[in-house]
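Read the figures in this text as sums done on the coordinates, not as results from a lab. Predicted, not measured: the structure shown is a model, and the values here were computed from it. With ideal geometry, Cβ positions are generated from the backbone for all residues, glycine too; neighbour counts draw on all protein chains shown.
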């Protein structure tokens, strides 16, 4: 697991240079694209107009994410709320969206086809400033994640915890929209991907590990129908059954995954 978006960026795009060269480039505020300008110019001369636009958009996106990382690394007029290495944005909303945009770029360039992203540790006490927008018109700050999960069935505390979860789900919506905006073959990246969003508890207040909700977003190259809510018999269908079924979609067929008892019915 890598917390720092700057390290993720260098792993994706900076592996061709030495650590010393990467540090020098960042200190000089130079772009990683500077090292391949000659190759890019030569490539563009061989491409048609549409392909040149595609390459241009891609390099623009790399530079924009690089710029956001450099801004995060250079913030000196504020005291961060926790000890963060250079390149980690102070605000969680900036941090998670930067990691999601790096994931999108990794998919778009086919650098990797599988990514896992942990939104929060189970025991974290961190609270989250809500960005102002349609979801939270007045902004605000969430309850601490772990403390909020133990709401003791108090309606007020349940609402505060629900708001926190609504915020986290909104970051999933952000990622899905970004994938939908990316053309990929005969569709979009969202059409050809599968995003699984979930948790490890059905009722965190009681530490119940059954009846765990999950969201699947994306078409998995035509294998998955969206816009559905599937409910299963309580206390009998495990998350392992879901994982087995998801592996099947990618041609990985296993007999068991964790505590699985079989495949999910009605999914495909």
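Brief remarks follow.
- Mean separation of Cα pairs under 8 Å and 6 or more residues apart, divided by the residue count, gives the range 90-157 a relative contact order of 25 percent.
- Among 238, 116, 103, the largest mean-square fluctuation in a Gaussian network model of the chain, built with springs joining Cα atoms closer than 10 Å, belongs to 116.
- Between 0 and 90°, nearest 10: helix 49-73 axis offset from the chain longest Cα axis: 70
- FRET efficiency, 1/(1 + (r/R0)^6) with R0 30 Å, evaluated for residue 166 and residue 231 via beta carbons: 0.90
- Between 0 and 90 degrees, the angle of helix 239-249 with respect to the longest Cα principal axis of the chain falls at about 50 degrees.
- Build a GNM of the chain with springs between Cα atoms under 10 Å apart, and of 179, 98, 135 the one that fluctuates most is 135.
- Helix 92-108 axis, angle to the chain major axis (alpha carbon atoms, nearest 10°): 70
- Stretchable slack from residue 36 to residue 127, in nm (0.36 nm times residue separation minus alpha-carbon distance): 28.6 nm
- Linear extension gain, residue 200 paired with residue 154, 0.36 nm per residue minus alpha-carbon span: 14.4 nm
- Normalised by the number of residues in the chain, the mean separation of alpha-carbon contacts (under 8 Å, six or more apart) gives a relative contact order of 10 percent.
- Cα extents for the chain along the principal axes, largest to smallest and rounded to whole angstrom: 60, 47, 35.
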